[in-house]
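Chemist: Sharing a structure here in structure tokens format.
The values are calculated or read from the model by the stated rules, or taken from the named source; none is laboratory data. Since this is a predicted model, take the numbers as computed values, not measurements. Cβ coordinates were reconstructed from backbone atoms using ideal geometry, including for glycine residues, and neighbour counts include every protein chain displayed.
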């Protein structure tokens, strides 16, 4: 018996083509065109349906007017409907123009009832009464459960002189190729494959040739068969490539395909009994399947392996304070992005509250959730997000409070006493009532002290002092504070000479960054031409702009945003 290598993974040569009809007696012919959704696939950036339309239009222009010709299409009207087959043009002489127009209106949508379409076309041609020819152009495997060989044999036996020519357009699926080849062979037709527009045009032109057929070729040897093989590995909830080496042996034990490391593949072999063997490289486990390969058939072999999940363990305290840190001792694969998390009991593997990566070592300091309650600590394997181990933990209440003045001037710095987690990411805010923990006017991190200096807003009104848990931005404690206004005014001459200084008396908070500025009227609150800080006391000498005009003198504070406290108009001459 002959031996093949893994490189021999292609189908054998196509069958020789028989001409469409005798020149002196043209047979009625129907072109069956694939209108299924797969025809939207592209070749070199162009949809296959567009290529097919152009090629068919060119072919029609070359056919004689007296050729009785019709058109049938499948899969062009409805999705998922195996009965979506339609004869668009009844076979007759002089139909080239109508067929060309009908082809241009095809929009691929549905399934591939390829064999039922050929059968209906044969019936439309009255194939049991007269010579009939069907030309099928398809790009995919039969998807409506028909048996190509059985259908073809039935048509051949019932027909007076029935022939089906088949063009496989951009087809590389072994099952599809075998189906098309059997349909053509059993009806005495020709089978061709075409991978692009030029090859499709060539195939159709040769099939449509009106020259007499060549003398019958001597009987050919039995067609080879094809074994396709693939393996997968179930790893917990993940399916993956197991890494296997394939071999194929004949029934007498002779090796007919050398050991080949490949995930999936195929081998072309003579008909006979074979054993397909897969060896998994990780543990040298072997699985075998016996195959009875018949001529011209494709036999798929799928071999499943299983792999156990790695072991893991967790040791953690039974309880811990909300938002606190607990040590977690763990063992496990520590693979890539594995992590330890906290989650609600029964949560999916990807749903966590807090987490940290195992690459940080064991024991791992793990943050607990901010909300008290019952949780689990879990070891998560990154491949497939799979839970390898878990242990329960109760998160207990933690007391939070803030204490500050009931009233405070705008922009003032107030000392706020707090209790709570005290974690580096926790902070205090001043915020308007309502809203969540992300809303604030001013803030300061609790890591900076207790009591903690916290700036009041520059706008008077009712506010809340809040303790914010940085872990989830939740509001842990709050206190109402009334922010009161501060009187402010400016007193300066109404006119000033250019490029000098203008003494300005003022009243106001005089915070560290407050200043008095000459501003062009209409500028925003932070606009200025010249300025001087208020920290030197009242009055303050403010530089006068070097261009004459009417300006606005402003008292501006920026300690918590920005605010213009007082204004006065000054003319610079």
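Chemist: Test residue 450 against the criterion of being surrounded by fewer than 16 Cβ atoms within 10 Å (Cβ to Cβ), at pLDDT 95 or above, outside the structural domain of residue 323 (by TED's automatic domain parsing) and part of a loop (DSSP other than H, G, I, E, B), and give yes or no.
Modeler: Yes.
Chemist: So, one more: Looking at 465, 486, 516 in this structure, which one is surrounded by 15 or more Cβ atoms within 10 Å (Cβ to Cβ), at negative phi and under 48 Å from the mean Cα position of the chain (by Cα)?
Modeler: 465
Chemist: Are any of the residues in the stretch 360-372 outside any loop (DSSP other than H, G, I, E, B) and surrounded by fewer than 15 Cβ atoms within 10 Å (Cβ to Cβ)?
Modeler: Checked the stretch 360-372: at least one residue is outside any loop (DSSP other than H, G, I, E, B) and surrounded by fewer than 15 Cβ atoms within 10 Å (Cβ to Cβ).
Chemist: Just to be sure before I move on: is residue 385 touching a strand residue (DSSP E or B) at 6+ places or on another chain (Cβ under 8 Å) and surrounded by fewer than 19 Cβ atoms within 10 Å (Cβ to Cβ) in the structure I sent?
Modeler: Judged against the criteria, residue 385 is not a match.
Chemist: Which of (1) under 29 Å from residue 58 (Cβ atoms); (2) in contact with a helix residue (DSSP H, G or I) (Cβ under 7 Å, 6 or more places away or on another chain); (3) surrounded by fewer than 19 Cβ atoms within 10 Å (Cβ to Cβ) is the odd one out, the single condition residue 137 does not satisfy?
Modeler: Residue 137 satisfies every listed condition except (3).
Chemist: Hey, could you check the stretch 222-256 for residues that are surrounded by fewer than 14 Cβ atoms within 10 Å (Cβ to Cβ) and outside any strand (DSSP E or B) and say which is farthest from the chain's Cα centre (by Cα)?
Modeler: Out of the qualifying residues, it is 252.
Chemist: Is it fair to say residue 6 is more than 26 Å from residue 188 (Cα to Cα), modelled with pLDDT under 85 and either in contact with a strand residue (DSSP E or B) (Cβ under 9 Å, 6 or more places away or on another chain) or part of a loop (DSSP other than H, G, I, E, B) (or both)?
Modeler: Judged against the criteria, residue 6 is a match.
Chemist: For residue 389, indicate whether it is under 30 Å from residue 180 (Cβ atoms) and not in a helix (DSSP H, G or I).
Modeler: no
Chemist: Has the stretch 397-420 got any residue that is more than 30 Å from residue 455 (Cβ to Cβ) and modelled with pLDDT under 95?
Modeler: yes
Chemist: Taking the stretch 257-286 only, how many residues are in contact (Cβ under 8 Å) with a residue 40 or more places away in the chain and either outside any strand (DSSP E or B) or farther than 30 Å from residue 149 by Cα (or both)?
Modeler: Looking only at that region, the number is 8.
Chemist: Here's another thing I want to ask about it. Go through the stretch 421-443 and give me each residue that's modelled with pLDDT of 90 or more, within 39 Å of the chain's Cα centre (by Cα) and in a loop (DSSP other than H, G, I, E, B).
Modeler: 426, 434, 436, 437, 438, 439, 440
Chemist: For the stretch 301-334, how many residues meet the condition of being under 30 Å from residue 185 (Cβ atoms) and surrounded by 14 or more Cβ atoms within 10 Å (Cβ to Cβ)?
Modeler: Of the residues in the stretch 301-334, 1 are under 30 Å from residue 185 (Cβ atoms) and surrounded by 14 or more Cβ atoms within 10 Å (Cβ to Cβ).
Chemist: What tally of residues in the stretch 423-440 results from selecting those that are surrounded by 18 or more Cβ atoms within 10 Å (Cβ to Cβ) and either in contact with a helix residue (DSSP H, G or I) (Cβ under 7 Å, 6 or more places away or on another chain) or more than 15 Å from residue 402 (Cβ to Cβ) (or both)?
Modeler: Of the residues in the stretch 423-440, 4 are surrounded by 18 or more Cβ atoms within 10 Å (Cβ to Cβ) and either in contact with a helix residue (DSSP H, G or I) (Cβ under 7 Å, 6 or more places away or on another chain) or more than 15 Å from residue 402 (Cβ to Cβ) (or both).
Chemist: Here's another thing I want to ask about it. Where residues in the stretch 336-351 are assigned to a loop (DSSP other than H, G, I, E, B) and touching a strand residue (DSSP E or B) at 6+ places or on another chain (Cβ under 7 Å), which of them is nearest to residue 369 (Cα to Cα)?
Modeler: Looking at residues that are assigned to a loop (DSSP other than H, G, I, E, B) and touching a strand residue (DSSP E or B) at 6+ places or on another chain (Cβ under 7 Å), I get 344.
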